[in-house]
Structure formats: structure tokens, C-alpha cells
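The values are calculated or read from the model by the stated rules, or taken from the named source; none is laboratory data. Source: prediction; values computed, not measured. In this analysis, Cβ positions are derived from the backbone assuming ideal geometry, glycine residues included, and neighbour counts consider all displayed protein chains.
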Amino acid sequence: MTNPSNEAPINDVLASNLARMLRSQGLTQAALAQRAHLTTRTIANYLHPSLRAQGMGDKTPTAKLAEVQKLANALNLQTWQLLQPPVSDGIREN
């Protein structure tokens, strides 16, 4: 499927925002996993969406909203902030 708006796929946006927030908060994947009550493998999957297994019928795997909410809470963010394409060099702060 093509992306007519030329925006990055949502999995890539999430990965980029998540990596940026880990760096800015000085967290490791293991520390975030513990805070969010997720496994380190789950964190790694979100950081590297191309490594995630294809779904049935070769569907592109997508993030689970409940997990994205846990990640956002663990990072003291609103969920939308992890899913919003960045503005210049930072996550939109509204």
C-alpha cells in the first residue's frame, strides 16, 4: 500500500519518537520495559518495526494501542505524542 501524503508510516513515526524519548530521558530499553510493564522484546519491536514478523496474509504488523498507551504513560507523555510526526527536531508539545 502506498502512502499518498508522503508521510512516514505510523510504525516508523512511533519508532523514531520512541527512540528520541529514550535518549532525551536517558532510559534504556530495559528501564522503559519495566516502567511500562512490557517485555524488552516488545520495546525492541517498536524501535525496529522492520524486524517484526508479518501478520496473516502478509499484513504489516501495527502497534497495539494499549501498549502505546503504556509506553506514553511510562514516558510521561500523551499517547498522541508518540504517534505524531515530529516537527523539525522535536515532538510537538501541546
Filtered residues of region 40-63 (kept if exposed (fewer than 12 other Cβ atoms within 10 Å of the Cβ) and modelled with pLDDT of 70 or more)
Arg41, Ser50, Leu51
So Ala66 fits all but one of (1) within 18 Å of Arg20 (Cβ to Cβ); (2) modelled with pLDDT of 90 or more; what number is the exception?
(1)
Is there a residue in region 71-79 that is surrounded by 14 or more Cβ atoms within 10 Å (Cβ to Cβ), under 13 Å from the mean Cα position of the chain (by Cα), β-branched (Val, Ile, Thr) and modelled with pLDDT under 95?
no
